[in-house]
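All of the numbers you see were taken from the coordinates with simple rules; none came from a lab. The structure displayed is predicted, hence computed values, not measured ones. Methodologically, a virtual Cβ is constructed for each residue, glycine included, from the backbone with ideal geometry; neighbour enumeration extends over all protein chains shown.
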Amino acid sequence: MDIDTIKNFTIKDYHKVYKNKEASPIEITQFFLDRIHLLDSSLRAFLTIDETGALQRARELEEKKLGEADLPPLYGIPMAIKDNICIQGLPTTCGSRILSNYRSPFDATVIEKIKKAGGIFLGKTNMDEFAMGSSTENSGFGPTRNPFDPSRVPGGSSGGSAASVAALEAPLALGSDTGGSVRQPAAFCGIVGLRPTYGRVSRYGLISFASSLDQIGTLTRNVQDTLTLFTVISGQDNRDSTCAPYPPFSFSDDLPENEIKKMKVGVAKEYFNPGVDPVITQRIQEILKILTNEGFEIIEVSLPHTDYALEAYYIVAPAEASSNLARYDGIAYGYRCSHPLNLQDLYTRTRTTGFGKETLRRIILGTYCLSSGYYDEFYLKGMQVRTLVKKDFEDCFEKCDILLTPVTPHLPFKFGEKSHDPYQMYLADVFTIPSAMAGIPALSLNCGYHQHLPIGLQVLGAPFQEGKILSFATFLEKTLSVPPPVIKSVNLKKEVL
Ligand code: GLN
């Protein structure tokens, strides 16, 4: 197997290869491990590479000797997992020095499900510390680079997962999306990223950032693989009380093409403001023309509270984070400062040296918002705005089936370009945060390139309407036929760090 064959592969193609005995799960796993050895010293998408575990698992799968008909949906498929999702026996650092020596004693529900479905884990991927960020520059272990241009960020916080899939170090990955962390890096790395409806995928074993927003999502090279992986990981879980009481997503939600064309496509003017890079706006306008020619009805809609979503998010998310991160006190988990003088000193020095700057900023911000006398003024207000944002989407999905928007206002930016100004960094998620606040599903699709950099398109739907989003995205992927990323080497000469 070589990269030119594998670059267009879907899971079904790997299964065909297994069935025809052209390659075995061990050989395919070794192919991706070789890619990691070739590229990852420059790319740094992985924090842990579990070579022994991956090959051992591939061997176990081979020994099972299954016929094609009984192949479980992810049989023999290697995967990369964001380092805030627990795999038993492997480190789970959340990109933070405070958890640098933590190994998970249990599997997250999604990991259990993937194991049952025959998946193989290549390792754990780099991320902004505790998923706070949009570039992986906040990782406690150094940033990941964008495979298209190593002087640019891969997006974040699931930047390691997105870069690994774009560079074909792994065919699939899992990430987490609190305000855009699956969709934004998917857009920056030219792949497909799905944030499911809040509650569609169990959060058990996902280390919490902001519990009312966190959602595990998928990163793949094509829409079909998103469908397969999402089907495997979705469904009710008694260990997560916020998980919706529905069975796993089913393939039968997939619509035939003539039905897809009956979908009404909404376009919201709030997402096409002068702050958006004209290259992105122009590409989306071209796509709207293509859709009109294909017979789709395009409807203009308005989401009037869009502008307030970001501000409200930066109250709600830090408030929840400050509470969730209180557990890292140097006693129960991970890092502890050396020679503490007393309990107070233990807490203070463990936390000030264990956490990075952005995480400390969020903890301080969140603690302030929740402090007595300010709760009503900040957290409560933030939640009220959140209700208005949610209502905007409810009104909008009475008029249309899906919404099309940019994923990000800009193409992948350079290292250091936004890291000195937190507000500029926060703006990178201005188009992904409103839907996260509303808890609705959204997908990021590569819709073209500008000067070798990918452009993302966001497809949004009503709660639990992933079927519509995925059917539409399948149609669009076929119609646009944008080539998937092919990275042969990572040229560090352009490096500016
Ligand atoms: N960039 C946003 C933040 O820093 C979103 C992160 C995420 O989705 N995990 O909070």
Under 20 Å by backbone N from the virtual spin label 7 Å along Cα-to-Cβ at T292, the residues of region 225-264 are 261-264
The convex hull of the Cα atoms of the chain, divided by residue count, gives a volume in Å³ per residue of 143
The extension gain from N273 to Q285, computed as 0.36 nm times the residue separation minus the Cα-Cα distance, is 3.0 nm
Straight-line reach check, K390, cutoff 24 Å on alpha carbons, 8 or more apart in-chain or any other chain, hits among lysines -> K264, K269, K381, K399, K468
Residues whose modelled amide H sits under 5 Å from the amide H of L172, counting only those 5 or more places away in sequence or on another chain, are A80
Filtering chymotrypsin sites (Phe, Trp or Tyr not before Pro) in region 150-253 by DSSP loop and by at most 13 other Cβ atoms within 10 Å leaves none
So N238 and R59, fully extended at 0.36 nm per residue minus their Cα-Cα distance, gain in nm 61.2 nm
Rounded to the nearest 5, the percent of DSSP beta bridges in the chain running antiparallel is 65
Averaged over all viewing directions, the convex hull of the alpha carbons in region 96-146 casts a projected area in nm² of 4.7
Within region 236-323, DSSP-loop GluC sites (Glu not before Pro) with at most 13 other C-beta atoms within 10 Å are E294
Amide H contacts under 5 Å for I77, restricted to residues at least 5 apart in sequence or on another chain and with H modeled in the peptide plane, are I120
For region 349-426, the charge dipole (Cβ of Lys, Arg +1; Cβ of Asp, Glu -1; about the Cα centre) points to a positive end, and the Cα of Q424, Y375, F355 closest to that extreme belongs to F355
Residues other than K399 with Cβ under 10 Å of its Cβ, Lys/Arg counted +1 and Asp/Glu -1, net out at -3
Counting sequence-distant residues (5 or more places) and residues on other chains, those with an amide H built under 5 Å from that of G155 are none
Diffing region 297-308: the Karplus 3J(HN,Hα) column from phi (6.51, -1.76, 1.60, θ = phi - 60°), in whole Hz with x for Gly and Pro, holds 8, 9, 10, 7, 10, 10, 10, x, 9, 3, 4, 8
Summing +1 per Lys or Arg and -1 per Asp or Glu among the other residues with Cβ less than 14 Å from C337's Cβ gives +2
CD proxy, 222 nm, the chain: helix-only mean residue ellipticity via -39,500 (n - 2.57) per DSSP H run with n ≥ 4, per residue, nearest 500, stands at -11500 deg cm²/dmol
